[in-house]
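Here's the structure we're looking at; comments come further down.
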Amino acid sequence: MAFQTEYEFELPRGYVDDSGTLHKRGVMRLATAADEILPMRDPRVQQNQSYLTIILLARVITRLGDVKHVDTKTIEKLFTADLAYLQNLYRQINDLESPKLHTTCPKCDHEYEVEVDFLSVTEGLS
């Protein structure tokens, strides 16, 4: 099974380019550490922390319909429903899914899986 690094999506409303063409289908790739760190140096982010979302999405969206190059100007022109959709997709594909542990109840022998939350475990260690 190959490791998935790109995810196709379809915008709920769609991006309308300057010629009036509607673009709904696209591809988002997994974010790298640089994708999240480098935009912090951008003066637009330093002036307005909310602009980080615009830069992040411009970096990780590799295709949007027939648009030649997705940049911050493209992301700025999205409808708010599409921006919210892409923010949610970004979180979904980039958040680490908690590992699951197969276990058995010692009282009733019922088998089930539990999520292991390493962050809450390590918080108690400090």
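Between Ala31 and Tyr112, the distance separating the two model label sites (each 7 Å from Cα on the Cα→Cβ line) works out to 3.3 nm. Give the angle, between 0 and 90 degrees and rounded to the nearest 10, that separates the Cα long axis of helix 51-60 from the longest principal axis of the Cα atoms of the chain. That helix lies at roughly 90 degrees to the long axis.
Under 5 Å between amide hydrogens, built in the peptide plane, is the criterion, and for Asp42 it picks out nothing among residues at least 5 positions away or on other chains. Note on Lys77 and Ala2: the extension gain reaches 23.6 nm, defined as 0.36 nm multiplied by sequence separation minus the Cα-Cα distance.
Taken about its Cα centre, the range 56-107 carries a charge dipole of roughly 160 debye when the Cβ of each Lys and Arg holds +1 and the Cβ of each Asp and Glu holds -1. Figure legend: label point modelled 7 angstrom from the Cα of Arg13 along Cα→Cβ; residues of the range 56-82 with amide N under 15 Å from it are 74-82. Bridgeable aspartates and glutamates around Lys68 (alpha carbons under 14 Å apart, same-chain partners fewer than 8 residues away excluded): Asp17, Asp18. What accessible area per residue comes out for the chain, rounded to a whole number of Å², with a 1.4 Å probe? Per-residue value: 72 Å².
Counting only residues at least eight positions apart within a chain, or on another chain, the aspartates and glutamates with an alpha carbon under 17 Å from that of Lys24 are Glu6, Glu8, Glu10, Asp66, Asp71, Glu76, Asp82.
Compared with the dominant Cα axis of the chain, that is its longest principal axis, helix 80-94 is turned about 40°. Rolling a 1.4 angstrom probe over the chain with all protein chains present gives an accessible area of which 53% lies on carbon and sulfur atoms. Exposed loop sites here mean trypsin sites (Lys or Arg not before Pro) with a DSSP loop assignment and at most 11 other beta-carbon atoms within 10 Å; the chain contains its longest site-free run at 1-67.
The values are calculated or read from the model by the stated rules, or taken from the named source; none is laboratory data. This is a predicted model, so every value here is computed, not measured. Don't worry about glycine lacking a Cβ; one is built from the backbone with ideal geometry, like all the others, and counts go over all protein chains shown. To get the accessible areas, we keep the full protein, side chains included, count just its heavy atoms, and leave off ligands, DNA and RNA. Shrake-Rupley method; radii C 1.70, N 1.55, O 1.52, S 1.80 Å.
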